[in-house]
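Q: Pasting a structure below so you can have a look.
The values are calculated or read from the model by the stated rules, or taken from the named source; none is laboratory data. These numbers come from a predicted model, not from an experiment. Cβ sites come from the backbone with ideal geometry, for glycine too, and all protein chains shown count toward neighbours. Just the protein is used for accessible areas: all its heavy atoms, side chains included, with ligands, DNA and RNA removed. Shrake-Rupley method; radii C 1.70, N 1.55, O 1.52, S 1.80 Å.
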Amino acid sequence: MSKNKRKILLLPGDGIGPEVVREVKKIIEWFNKNKSLDFSFEEELIGGASIDANQIPITDEVFYKSLDSDAVILGACGGPKWDNLEFSKKPERALLKLRKELKLFANLRPAICFKQLVDSSTLKPEIVSGLDIMIVRELTGGIYFGEPRGIEPIENNERRGVNTHSYTTSEIQRIARVAFDLAKKRKNKVTSCEKSNVMEAGVLWREEVQKLKEKDFKKIELNHMLADNCAMQLLRNPKQFDVILADNLFGDMLSDEAAMLTGSLGLLPSASLGAKDKNGKIRSLYEPVHGSAPDIAGKNIANPIATILSLSMALRYSLDLDKEANLLDEAVQKVLDDGLRTKDIISAGKKEVTTADMGDAIISKLK
Ligand code: IPM
Ligand code: MG
């Protein structure tokens with residue numbers, strides 16, 4: 001086996017997932033052929049696609065394959081077709097199971113406003129041009145997984161829905177460490193978000209992040225900000241931020257908001273990383289921040305860039321292929337320089353292209 005033999009698992013999933021992952025597959029094939037990288041890749045069902053075929057959102061077989069891969073690249077899970085299923089059987093459970101059981105506690109969501117797309121944002125160009133922030137979202141704790149949870153009948157024919165938000169000191173510290181480490185390679189600035197004005201778990205979050213900074217990251221500038229204020233500041237003056245640190249739920253919301261600063265949700269990649277295991281291997285899952293977008297699925301108009309940039313994050317963080325990651329990032333830039341745009345980022349004077357054309361154009365720039 002050559003030293004480059006790496007296993008990549010592709011999980012296209014639902015909605016636009018298969019269309020955007022198809023472009024990633026073409027790029028992997030290109031790297032295999034032209035850069036003598038010997039990736040082996042397999043494709044499996046997840047989410048609604050798996051429910052249709054196997055009655056469950058992820059089979060054990062697929063789950064074990066993802067444990068055994070060097071990187072998993074996922075398209076999207078979910079759609080109206082499966083909306084009425086019982087909660088534990090919904091497509092999204094597959095994604096949550098992978099995150100939880102692969103222990104992918106650190107979700108990195110960069111939001112970069114490409115100079116070519118300054119006009120695609122709904123915000124004024126001077127607010128977003130040059131924007132480069134990194135959202136570090138905790139991914140395996142908080143209200144997404146807390147117990148007790150459920151819907152229960154109560155008196156007077158009423159029902160009560162319950163979810164539990166909780167974090168331990170070690171959960172907070174390990175994600176804060178990721179944020180501080182990343183900040184060291186950037187502008188040395190972390191803004192940590194919580195609601196310490198109303199939530200005890202928020203008070204603990206603030207205290208533990210502060211403690212870690214004082215202990216191990218004295219040189220980092222740390223600001224604490226209430227999450228609602230952060231949502232507002234992201235629109236008012238997003239360039240004040242470098243690294244934003246947030247829990248699972250606030251991170252979910254702030255990253256969607258940050259995405260729109262960049263022009264389109266179709267541009268944002270993400271990496272979900274676990275801790276190093278005994279062999280130094282980090283489990284990882286890469287996925288676009290956008291969802292399955294059922295309204296545009298199957299039309300060959302979705303933007304594949306978020307998923308393609310997710311592959312580039314995989315090359316960088318899981319496969320030790322920085323050179324190839326840079327090559328891919330540059331190819332995306334060049335295509336945007338040429339004025340090619342999918343429908344979500346089209347503007348006057350630019351050329352509208354399909355999902356597949358965008359993938360092909362990016363490949364042509366790799367050459
Ligand atoms: C995300 C998505 C998911 C989440 C959904 C699909 C479960 O919104 O990755 O941001 O809420 O985490
Ligand atoms: Mg989300």
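Q: Report, in whole Å, the centroid distance computed from the Cα atoms of the stretch 265-283 and the stretch 138-153.
A: First find each Cα centre; the distance between them is then 23 Å.
Q: Work out, step by step, the length gained on full extension between N300 and R159: first 0.36 nm times the residue separation, then minus their alpha carbon distance; give nm to one decimal.
A: Using 0.36 nm per residue and subtracting the Cα-Cα distance, I get 46.5 nm.
Q: In whole percent, and with a 1.4 Å probe on the protein chains, what portion of the accessible area of the chain is carbon and sulfur?
A: The computed percentage sits at 51.
Q: Classify the chain as rounded, prolate or oblate from the Cα gyration tensor: take a ≥ b ≥ c as the square roots of its eigenvalues, call it rounded if a/c is under 1.5, otherwise prolate when a/b beats b/c and oblate if not.
A: Cα axes put the chain in the rounded bin.
Q: Which of A227, F217, H165 sits closest to the plus end of the dipole of the stretch 132-261, meaning its Cα is farthest towards the positive end, when Lys and Arg get +1 and Asp and Glu get -1 on the C-beta?
A: Comparing the listed Cα positions along the dipole, F217 ranks first.
Q: Also, I was wondering about something else. Which order do M225, M358, M232 take by accessible area at a 1.4 Å probe, largest first?
A: Result of the area sort, largest leading: M232, M225, M358.
Q: Using a Gaussian network for the chain with springs between C-alpha atoms less than 10 Å apart, which of these wobbles most: I305, I133, I296?
A: Its mean-square fluctuation being the largest, the pick is I296.
Q: Could you name the lysines in cross-link range of K97, using Cα to Cα under 16 Å and dropping any fewer than eight places away on the same chain?
A: Straight-line reach from K97, under 16 Å: K65, K89.
Q: GNM, the chain, Cα, under 10 Å: largest mean-square fluctuation among P304, P238, P110?
A: Greatest mean-square fluctuation among the candidates belongs to P238.
Q: Express in Å², to the nearest 10, the accessible area of E214 obtained by rolling a 1.4 Å probe over the protein heavy atoms while all chains stay in place.
A: My reading of the accessible area for E214 is about 100 Å².
Q: Let me ask you something else. Choose one answer from D247, D52, D132: the residue with the largest mean-square fluctuation in a GNM of the chain with alpha-carbon springs under 10 Å.
A: D52
Q: What accessible area per residue, rounded to a whole number of Å², is obtained for the chain using a probe radius of 1.4 Å?
A: 45 Å²
Q: Oh, and also: Round to a whole angstrom and tell me the spacing of the C-alpha centers of the stretch 1-76 and the stretch 288-323.
A: 12 Å
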